[in-house]
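Here's the structure we're looking at; comments come further down.
Coordinate-derived values only; no laboratory data. These figures come from a predicted structure and were not determined experimentally. Glycine gets a Cβ as well: all are built from the backbone with ideal geometry, and neighbour counts include every protein chain shown.
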Amino acid sequence: MSLPATTQVRAEIDATGYTIIPGFLSQDVLQQVDDCFDAWLGQHAGRNNFEGLATERIYTLVARDKVFQDIVEDARILALLDHYFLPNYLLTASQAIVISPGESAQPWHTDDAFYALPRPRPMISLSTIVAIEPFTAENGGTQVIPGSHLWSDEEIAGSYIHGDHESDPELVDRVAERAIPLEMNAGDCAVFAGTLLHRGGPNTSTVTRRALSNQYCQPWARTQENFFLSIPPQEVARMSAKLQSLLGYSIHPPFMGQVTASHPLKALEEGFVPPAFRQ
Ligand SMILES: O=C(O)CCC(=O)C(=O)O
């Protein structure tokens, strides 16, 4: 995506809350991701109606294969993050989402609802969802409500925040006419504001819908996944400087993220012992 294309993508996100980058993954990368999914799927059952009871999620994808690291730090996505967020923005979630036939619609929600600041407001997170198999209106393609990223708290009232419940039927009725299923080819990537109302669609087809989703947030926001605990420091030490920063090994000035008054990158040095535990 060249610079003018980046500008176009931003204009679409600003206007509607989302956009699609066609052909985001090359055929080769798509195949590598698909091979990983083949090897790993079948072991992770969804636990509630938000994760999806007929949906399989694999968390911490970024740590599972180098191909996912390259996708997380794709230059086209970083260009958007540089625009929307402060320096040292973070990866907040990295997961596979595979919706099987028979899945019902996910509750309507916004991805940055955790951050209980009054709306309308700028996004605190930005989500990407990459089609690993084609997305259709029948197989669970993500549904979005265009323009809802600008809605107030009153307008999004009834959307899912937490707990095991459906979105409010009043909201479901109110937005039904405006919902658009994202239809994408394998390899396309939807990018949307954390403030946008969306949901995984119902899968009424006979085929699965494989996807991966990386989400990013402002450097001062708490991340959904706690990568400090899910990825051992010796693994992070082998990653690129950008990924280390995305995983939280960075400072949001003047000192958010410090490790006993030092830069967190010190914690990745061989033999590092936290100062409070030194003899
Ligand atoms: O799978 C999808 O299409 C959307 C999933 C989603 O929005 C979520 O789990 O937060």
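Residues in segment 80-93 that are surrounded by fewer than 18 Cβ atoms within 10 Å (Cβ to Cβ) and either hydroxyl-bearing (S, T, Y) or out of contact with any Phe, Trp or Tyr (no Cβ under 8 Å at 6 or more places or on another chain) (or both): D82, H83, P87. Annotation: G271 fulfils all but one of (1) more than 23 Å from the chain's Cα centre (by Cα); (2) not in a loop (DSSP other than H, G, I, E, B); the unmet one is (2). Per the listing V236, V172, V207, V144, the residue uniquely buried (at least 19 other Cβ atoms within 10 Å of the Cβ), over 22 Å from I13 (Cβ atoms) and hydrophobic (A, V, I, L, M, F, W, C) is V236. Screening segment 90-114 for residues that are of a type in the set (G, A, S) and within 11 Å of the ligand (Cβ to nearest atom) and picking the one that is nearest to G257 (Cα to Cα) gives A93. Scanning segment 17-36 for residues that are buried (at least 16 other Cβ atoms within 10 Å of the Cβ), more than 14 Å from the ligand (Cβ to nearest atom) and touching a residue at least 40 places away in the same chain (Cβ under 8 Å) turns up T19, I21, F24, L25, V29, L30, V33.
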